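The structure appears below as structure tokens.
Just so it is clear, none of the values below were taken in a lab; they were calculated from the coordinates. Since we're looking at a predicted model, the values are computed, not measured. Please note: Cβ atoms are built from the backbone with ideal geometry, for glycine as well, and neighbour counts cover all protein chains shown.
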Amino acid sequence: MFFPCIVFAGNSVYVFVIDENSKPVHGYRATETERDDVFISKIDPVKKWIIIVRSQLIVVKNGYFYPVKDSVIDRKKGIARLQIDFSGRAPLYFNPEEEVVDRSKKLAPVITRETKPAPDYLSLARKYEDTGQWDRAVQVYEKLPEQQKNFEIMEKIGTLYYRLGKFKKAEEYFSRLPKNEIVVIKLAGIYIVEKQYESALRILDSYDFDSPYIHYLRGIIYYLTGRKDEAYREALILFSLNKALAQNLRELLR
């Protein structure tokens, strides 16, 4: 159990969501705990990180930022426990005080008149989603007319089905989205769960995403299909990209 400690103004801690260009999108104050690598925040930053494609969650402290490697939500208390990766420390390039948002306000989504969903459905779906009632949330999202399901809504529906373990439905929606790295990884993950290993490899190889997690997934697939030499090759590539993932893959191959 983690207990928040008092944070002084001079040592303020923040949690930020940054986009694929490392630009701060949403910022919130966070609280230190008795552990140096664990911080407490409201749930909002984690929710924003989940729905923003290719975003990253970071903790900002004393002029540096640290990537969040694990987050655990306590919905009853309305807080999230964030564990950082000290090895990913980097100098801060923006002023957190200028970027932090008022946590008492919710940012309204930018929706064009042509794609604006029915406000009652959208509000109800988000309420269910925020309270962890994913089955009810996806049922309400599904009620939206097809022409009103923009890419953001489709990604939400696919993610909810994925969390619920309804992988065929998740695949149906992810397949309709532009194939960025996050969507490709989720589709590959679905194929792996369904033991469609060749389909998983095909989609990973069809797009030019040379990220550590792509190599890690390839290594997992090669291991599951008995192609250990190719799995070891992915592990070697990973050692120069992400040592933690490389070590995980090596442990699996032993």
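One table, with the values for the structure above:
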| quantity | calculated |
| --- | --- |
| Region 9-99: projected area of the alpha-carbon convex hull, averaged over directions, in nm² | 5.7 nm² |
| Fraction of alpha-carbon pairs over 24 Å apart in the chain - percent | 56 percent |
| Taking the convex hull of Cα positions in region 119-253, its mean projected area over all directions (nm²) | 8.9 nm² |
| Spatial extent of region 125-204: Rg and Dmax, with the Cα atoms as the point set, Å | 12.8, 39 |
| Value at 222 nm in deg cm²/dmol, rounded to 500, when DSSP H runs of n ≥ 4 in the chain each add -39,500 (n - 2.57) | -13000 deg cm²/dmol |
| Whole-Å distance, taken between Cα centres, linking region 168-189 and region 12-29 | 26 Å |
| Dipole of the chain [Lys/Arg +1, Asp/Glu -1 at C-beta], most positive-end residue of 134, 183, 148 | 134 |
